[in-house]
1. Filter region 188-212 down to the residues that are over 22 Å from the mean Cα position of the chain (by Cα) and either outside any strand (DSSP E or B) or among the acidic types (D, E) (or both) and list them by number.
2. Would you mention how many residues in region 23-65 are farther than 27 Å from Q163 by Cα, more than 16 Å from the chain's Cα centre (by Cα) and part of a loop (DSSP other than H, G, I, E, B)?
3. Please pick out the residue among P344, P407, P388, P312 that is in contact with a strand residue (DSSP E or B) (Cβ under 7 Å, 6 or more places away or on another chain) and modelled with pLDDT of 95 or more.
4. Being in contact (Cβ under 8 Å) with a residue 24 or more places away in the chain and closer than 25 Å to G257 by Cα narrows it down to one residue among P307, P289; which is it?
5. Filtering region 194-243 down to residues that are polar (S, T, N, Q) and loosely packed, with under 15 Cβ neighbours inside 10 Å, which residue is nearest to L128 (Cα to Cα)?
6. Of the residues F140, F100, F112, only one is at pLDDT below 95, surrounded by 18 or more Cβ atoms within 10 Å (Cβ to Cβ) and touching a Phe, Trp or Tyr at 6+ places or on another chain (Cβ under 9 Å); which?
7. When both residues are 6+ apart or on different chains and their Cβ atoms are under 6 Å apart, which pairs have a first residue that lies in region 165-187 and is assigned to a helix (DSSP H, G or I), and a second that is aliphatic (A, V, I, L, M) and modelled with pLDDT of 95 or more?
8. Criterion first (out of contact with any Asp or Glu (no Cβ under 8 Å at 6 or more places or on another chain), modelled with pLDDT of 95 or more, surrounded by 22 or more Cβ atoms within 10 Å (Cβ to Cβ) and not assigned by TED's automatic domain parsing to the domain that holds A337) does N460 satisfy it?
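The values are calculated or read from the model by the stated rules, or taken from the named source; none is laboratory data. Remember, predicted model here, so these are calculated numbers, not experimental data. Neighbour counts are summed over all protein chains in view; Cβ atoms, including those assigned to glycine, are modelled from backbone coordinates with ideal geometry.
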Amino acid sequence: MHNLAWWQSAVIYEVYPRSFQDSNGDGIGDLDGIIQRLDYLVGIGVGAIWIAPIYRSPMADFGYDVADYCDVDPIFGNLQDFDRLLIEAHRRDLKVILDFVPNHSSDRHPWFLESRSSRENAKRDWYLWRDQSNNWMSNFGGSGWEWDELTSQYYYHSFLKEQPDLNWRNPAVRAAMYDALRFWLDKGVDGFRVDVMWLIIKDDQYRDNPSNPDFGPDQSSGNSLLPVYNSNRPEVHEVVAEMRAVIDSYPGRVLIGEIYLPVKDLMTYYGQDLNGANLPFNFLLLQCPWNARAIAQVISEYMTMLPPGAWPNWVLGNHDNARIATRVGLSQTAIAAMLLLTLPGTLTIYYGEEIGMTNAFVRPEDVQDPAEKRQPGIGMGRDPERSPMTWDCSDTAGFTRGQPWLPLGADHRAVNVEVENCDEESMLNLYRRLIALRRAHPALVSGQLRSVTSLGDLLNYELATDHVRLMVFLNFGHSPVQVAAESGIVLAGTDSRRRAERVGNFVELKGSEGIVIKIPS
């Protein structure tokens, strides 16, 4: 792995800052809290942390509505706190990736306040203003157009009305946003994850989206149209290439893109001649049915369609989707960990997945997610997967001295770092073992992926270099299976007691069990 860039070999750990660690007792996580937990992250073995937005914001969408791209919101601390976080992370050989939100700003951003002040304002064209609306929808439900009484025009918002979309066809907007990237790069930030990268550019003719011929009565109204004119426009790749050029002007940095698109479209975000995102986020495993056959198909299709020289990446959880343990069931969480941590390329872990956190129960009166509060019933509630990290068995789980901003998981006294540290068979120690295994065996990171097959509930694949062959067997069923294998030694498994076990031509797997076998050369 000596020839790989850091972002190719690292396991990336997503921190949702409001929920990771509170240092001042206000019930909301902050930068000082992240600093307090850096040694924990080093102990897991991750190589980089990606921090969800910490910019100054009215918090209409908890930081994804940015009012100043070059400042820290007081909820989280200040720029000096961030500088200290960067120093402390780098001292521990941890890279720091920031979220970047270029598609839209807050309606409180000075740019929008100017743009909204009159039709003649110099920044009027920094946003998308029209005399008439079209049928473009908001991703949070309803029309994406908001009427402005002062100037008698509509402006477009892909999300909340408090999040007006920027006009990326305006060169001045691009220049201002690239300057914001440079501000953080100059500080020493190691890269960016770009929010909703595929939405940045819209159709310059503002054409209506066509009807979705596959729309059915059991689907939400947001699926009634095909968003061909307000998402994934061809011109977006020019923008991504420009962002990449800014990133590349600072050696050793990375550009990651959030992209929810079919695999064929996803691949285009690597860019022509690989001048796009270093890592267009791969959410295919997060979205596919949880069975061996579907997963084998997703892995094979993704690896086959990678452009020559492109680097793979894998994601199983994030701040917008139900937690792994909730999606796949408690009995399958260990298999999910083994799947993620034995695939080649760059991996991203969402905070708390390494201890098996489940979605918290959030009563209607405790809802915080603005998307759900503003439009209840559209299924946008993301609070359950954003509940505070559980560190110990105390009433507030070691997260805060105060009242947590969201309810803790009901299982927090059993599912926490303190308890799992002491249990060799815990989820936390499984993650530690598997991440250590990746560091010890380059085949798991950069090996050639071969023979991805499924048979019933069994998924197996091989990772190979010129000198090493590793076989991975994962039983997605609940019943024991016996599988044909080659003679070898177990390097790791969901059951730590099988480590160093010698296996012959057949391998016995319990339900929801997985192992990695090293085949002698």
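1. Looking only at region 188-212, we keep the residues that are over 22 Å from the mean Cα position of the chain (by Cα), and these are 202-212.
Listed by number, the residues that qualify are K202, D203, D204, Q205, Y206, R207, D208, N209, P210, N212.
2. 5
3. Working: P407 fails: in contact with a strand residue (DSSP E or B) (Cβ under 7 Å, 6 or more places away or on another chain); P388 fails: in contact with a strand residue (DSSP E or B) (Cβ under 7 Å, 6 or more places away or on another chain); P312 fails: in contact with a strand residue (DSSP E or B) (Cβ under 7 Å, 6 or more places away or on another chain).
Within the list P344, P407, P388, P312, the selection yields P344.
4. Working: P289 fails: in contact (Cβ under 8 Å) with a residue 24 or more places away in the chain.
From the options P307, P289, the qualifying one is P307.
5. The first filter runs over region 194-243 and keeps only residues polar (S, T, N, Q), leaving 205, 209, 211-212, 219-221, 223-224, 230-232.
Then keep just the ones that are loosely packed, with under 15 Cβ neighbours inside 10 Å; that gives 205, 211-212, 219-221, 223-224.
Details: Q205: 12, S211: 23, N212: 25, Q219: 29, S220: 26, S221: 24, N223: 23, S224: 23 Å.
Per the criteria, the residue is Q205.
6. Details: F100 fails: at pLDDT below 95; F112 fails: at pLDDT below 95.
Just one listed residue meets the conditions, F140.
7. Close Cβ pairs (under 6 Å, with a partner that is aliphatic (A, V, I, L, M) and modelled with pLDDT of 95 or more) amount to V173/L166; Y178/V246; L181/V246; W184/L98.
8. Numbers: out of contact with any Asp or Glu (no Cβ under 8 Å at 6 or more places or on another chain): yes; modelled with pLDDT of 95 or more: yes; surrounded by 22 or more Cβ atoms within 10 Å (Cβ to Cβ): yes; not assigned by TED's automatic domain parsing to the domain that holds A337: yes.
Answer is yes for this residue.
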